[in-house]
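S.K.: Below are the structure tokens for one structure; questions will follow.
The numbers here are math on the coordinates, done by the rules we state, and not lab data. Computed from a predicted structure; not experimentally measured. FYI the Cβ positions are ideal-geometry reconstructions off the backbone, even for glycines, and counts take in every protein chain you see.
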Amino acid sequence: MTGAPYGSDASAEPDTATAPPAPVFDVRARLLETVVLVASVVALRIVGLVLIVLSASGFGSDPLGMLLPFVAMVVDPNLLVWVALAAAVQFGLRSMPRPGRMALVVVAAPVAVLLVGTVRALPMLPQSGLVGLLGNGVSWFDAGILTVVVALGVAVAAAASTAPVAGARRWAAPVAGGLLALGGLLVLILAWQAIEAYFTLGGTPVVVTPGQGDRYLVTAGLTVVAFAGAVVSAVLSRRRWLVVASVVVGGVGLILAFVLQVPAGRFLPGPAQEPAPGPGGSSCYGEGDPNCIGG
């Protein structure tokens, strides 16, 4: 008589023939995803710095002389530490779903700036303490800028790696992600231009030049075109998340572009003008007007 002995649990032995295979970590796919993400962030930093230089004074008469300082601004310690943290998230948390990993990659941006600021402030830490470290406005500004750029880079990488939907244009999703990121960068440029126009020291009166006003119009116009193109491309891609992201980010960006007007209130109606007095001085508007002769 064959079979399992009486009282034994035959189901305790796993059936290796029918058991699902254990998931295999695809190192090549994760590496490619990480490279695309880092390349997107670096490209956005380069484009942002080029836009700032062009909107300020251009590259001057010696563009080659600005090459090394430009590279140093792009690949600074904040970016290098963020790349290390992003790689640790990508390859350390292998089983975490992609949305969770991308969220941690974005959070790693301010963490990287804080780590770099802590290392730089170590010699002065006994005197300033944690208050001096956490109260450094420059570090918080850098953290905010890097976080926005990383979030835009995540959007670009996600749009570029999205599988095309049946009947949709293959180019639509990557183009939508790129235009969305470009619009976000242009909003940051508008904020920088507004700060440059209105930030003064020592009570110096603010004087907005016509050139600054023209520069705002060009940047704001490019922002509108970028966000409009992102929405149209997202619709053509037939990716719902990309359409929602383009509409929401584009709407917020257009509101900020309106708020950051240079000069302020250029699109708002001006105060009512008083009628100019006649040739004889003050004008008379009828009986009872004190400007009329005889009252």
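S.K.: Mind ordering 67-74, 82-89 by average Cβ neighbours within 10 Å, highest first?
M.R.: Final packing ranking: 82-89, 67-74.
S.K.: Would you kindly calculate the translational diffusion coefficient of the stretch 177-247, applying Stokes-Einstein with the Kirkwood radius from alpha carbon pairs, for 20 °C and a viscosity of 1.002 mPa s, and quote it in µm² s⁻¹ without decimals?
M.R.: Answer, rounded: 157 µm²/s.
S.K.: Ranked highest first by the average count of other Cβ atoms within 10 Å around their residues, in what order do 247-258, 218-229 fall? Walk me through the intermediate numbers first.
M.R.: Values: 247-258: 16.2, 218-229: 17.9.
Per-residue Cβ counts within 10 Å, averaged per peptide and sorted highest first, yield 218-229, 247-258.
S.K.: Could you work out the local net charge near PRO77, counting Lys and Arg as +1, Asp and Glu as -1, over the other residues with Cβ closer than 14 Å to its Cβ?
M.R.: Neighbour charge sum, excluding PRO77 itself: 0.
S.K.: Beta carbons within 10 angstrom, averaged per residue: use that to sort the peptides 108-119, 189-200, highest first.
M.R.: Working: 108-119: 19.8, 189-200: 16.4.
In decreasing order of mean packing, 108-119, 189-200 become 108-119, 189-200.
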